[in-house]
Structures are given as C-alpha cells and as structure tokens.
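Below is one structure, written out as structure tokens; comments come after it.
We did not get these values from a lab; they are worked out from the coordinates using the rules stated. Everything numeric in this text was worked out from a predicted model, so none of it was measured. We place every Cβ from the backbone using ideal geometry, glycine too, and count neighbours over all the protein chains shown.
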Amino acid sequence: MKLNVNGRVHDVDVEAEMPLLWVLRDELKMHGTKYGCGIAQCGACTVHIDGEAVRSCSLPVSAAEGKQIVTIEGLAAGSTLHKVQKAWIDHDVPQCGYCQAGMIMAVAALLKDKPKPTDADINDTITNICRCGTFQQVRAAIHAAANA
Ligand code: FES
Ligand code: FES
C-alpha cells in the first residue's frame with residue numbers, strides 16, 4: 001500500500017486494518033507521534049489527514065491510503081516552524097512533552113478551521129489529555145498563535 005506522509009510517498013507492506021499509528025512508528029520509524037491510550041481518548045497520536053485532526057491509534061491504515069498524512073515531523077515548513085510550534089516555545093508549554101506532539105497537531109488543525117477560536121471553541125475541540133496539566137499554557141499559546 002502507498003502512503004503519502006509529509007509529502008513523501010512510502011510503500012508499506014502491512015495489513016489493511018493495522019492502525020495508522022503502528023505504521024508510522026513501527027514501519028516508518030517516525031516516533032514523534034505518540035501512543036497513549038490506544039482507544040481514541042487521549043489525543044497523543046493526533047495527525048492530520050487531508051487537513052483534519054485524526055487520532056491515528058484508532059484509524060485503520062487503509063483509511064489513510066491516497067490521502068495526505070501530516071505528522072509532527074512534517075508540520076514545520078523546512079526550517080520555519082509552524083506558528084503553533086513558535087507559540088509553544090514562547091509560552092514554555094511542554095512539561096514532560098509526551099502529549100505535546102498530538103496537542104500541537106490538534107491545535108494546528110483547529111486554527112486552520114477557526115483562525116480566532118474562543119475559549120469555548122478550544123474546550124470543544126482540544127480534548128487532548130495532558131498528564132502534566134499544561135492546559136493553561138496550552139490555552140494561552142493557542143490565543144497567541146491565533147494572534148501571530
Ligand atoms: S493513543 Fe490515540 S487517542 Fe490516545
Ligand atoms: S506535557 Fe507531560 S503529558 Fe502533557
């Protein structure tokens with residue numbers, strides 16, 4: 001099966017029902033996207049598929065075939081960080097960092113749909129779980145990125 005990840009086409013020999021997250025991490029050795037819960041609850045595994053935030057632990061790889069998959073490794077444009085990544089650095093958001101790739105991908109998708117999200121939009125959309133409790137910094141960084 002052919003997968004387009006971060007603008008590059010990869011040929012992978014995997015079962016159609018294997019979760020996309022397993023393919024990214026184990027087959028393509030892209031370890032930025034994390035495994036947290038495995039049941040679409042925590043958001044650590046969030047990637048973009050055709051611009052939409054998707055929890056890759058619960059998506060069969062076959063559903064991503066022929067689509068544009070973007071992972072945290074492909075979010076920056078070359079050496080230019082995405083505005084969400086810049087805001088994350090400015091606001092010192094990460095603690096342990098484990099949830100942060102998924103958080104950033106979810107936020108980048110939100111800002112594409114809603115360039116100026118309200119707190120209610122953030123509450124509705126950014127349901128990612130952070131065990132370190134970075135939620136206040138996440139919110140501040142989202143507003144900063146929206147105003148960048
Ligand atoms: S690992 Fe996918 S949502 Fe938790
Ligand atoms: S920064 Fe540690 S889980 Fe979110």
* Summing -39500 (n - 2.57) over the DSSP H runs of n ≥ 4 in the chain and dividing by its residue number, what mean residue ellipticity at 222 nm do you reach, to the nearest 500 deg cm²/dmol? -> -8000 deg cm²/dmol
* Could you give the size of the charge dipole of the chain about its Cα centre, using +1 on the Cβ of each K and R and -1 on the Cβ of each D and E, expressed in debye and rounded to the nearest 20? => 420
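With a ≥ b ≥ c taken as the square roots of the eigenvalues of the C-alpha gyration tensor of the range 74-139, please select rounded if a/c is under 1.5 and otherwise prolate if a/b is larger than b/c or oblate if it is not?
Details: a/c = 1.70, a/b = 1.08, b/c = 1.58.
Oblate, since a/c reaches 1.5 and b/c is not below a/b.
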* Which lysines does K2 reach when only Cα atoms under 24 Å apart count, and residues fewer than 8 places away in its own chain are ignored? -> K29, K34, K67
* Beta bridges by DSSP in the range 1-106, antiparallel share as percent, to the nearest 5 -> 85
* Rank-order 14-21, 135-142, 113-120 by packing density, defined as the average count of other C-beta atoms within 10 Å over each peptide's residues, highest first. => 135-142, 14-21, 113-120
* So how do S56, S79, S62 line up by other beta-carbon neighbours within 10 Å, fewest first? -> S79, S62, S56
* Structure fact -> As straight-line cross-link partners of K83, the qualifying lysines (C-alpha separation under 16 Å, not fewer than 8 residues apart within one chain) are K112, K114, K116
